[in-house]
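Novice: Here you go, one structure.
None of the figures in this text is laboratory data; all of them are computed from the coordinates on show. Given the structure is predicted, the values throughout are model-derived calculations rather than measurements. Ideal geometry is used to build each Cβ from the backbone, glycine not excepted, and the neighbour counts take in all protein chains shown.
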Amino acid sequence: MLEFIEEHSQTILIFLIAVVALYVAYQQHLTSRKKLKLAMFDRRLVIYDALKDFLVSFQRDLTIDFEQLQEMRRQLAGAEFLYGPKVIALNQEIIDFAVEYLTVQDTLKEVEHLSDDERRPSLQREKALTLRLVAALDRVHEAYKPYLHFTRVK
């Protein structure tokens, strides 16, 4: 047995070095995956926070500032690479509601001199959009939930 080890010591040593190198490579692979998951989680959290902050601000003030909407849209850029189609569709729906809400607000400012009956369609649309934007926060929490657990990052 000792003779076998002496004859093949170089081969055994090369094998052991290969095993250690394989182990180190595997550990680096695991570390890289964790770093990628953390980076994706961080980026997803920025997008979620931007949308949540926009909706919370709307709920608090019941108004939308154009610059605030633009900033939220800028922060949502790239979401299609990080989230599934359900979240992307919800994001777009909220943006569409917000843009329409701004349009209705502008319309109401222009028709202040009209009677209540003439303003009623715009007021009803404003009410409907307000209710949808207020309710959107719960929908956002539900849609984003699967993506905001670091241990389950897809």
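Novice: Neighbour counts of other C-beta atoms within 10 Å: give me Met40, Met1, Met72 arranged from fewest to most.
Specialist: Listed from fewest to most nearby Cβ atoms, that is Met1, Met40, Met72.
Novice: Could you give each residue of the range 70-85 its phi-based ³J(HN,Hα) in whole Hz, using Karplus coefficients 6.51, -1.76, 1.60 with θ = phi - 60°, and x for Gly or Pro?
Specialist: Result, rounded to whole Hz: 4, 5, 4, 5, 5, 6, 7, 4, x, 4, 5, 8, 10, 10, x, x.
Novice: From the phi angles alone, apply the Karplus equation (6.51, -1.76, 1.60; θ = phi - 60°) to the range 62-67 and give each ³J(HN,Hα) in whole Hz, x where the residue is Gly or Pro.
Specialist: With the stated coefficients, the range 62-67 comes to 6, 8, 10, 9, 4, 5 Hz.
Novice: Pairs Lys52/Lys109; Lys34/Lys86; Lys86/Lys145; Lys52/Lys86: which are spaced more than 20 Å apart, C-alpha to C-alpha?
Specialist: As for pairs spanning more than 20 Å Cα to Cα, those are Lys52/Lys109; Lys34/Lys86.
Novice: Taking 8 Å as the Cα distance limit and 6 or more residues as the minimum spacing, I'd like the relative contact order of the range 42-152 as a percentage.
Specialist: Value for the range 42-152: 37 percent.
Novice: Here is a further query. Please give the net charge around Val111, taking every other residue with its beta carbon less than 13 angstrom from that of Val111, where Lys and Arg add +1 and Asp and Glu add -1.
Specialist: Neighbour charge sum, excluding Val111 itself: -3.
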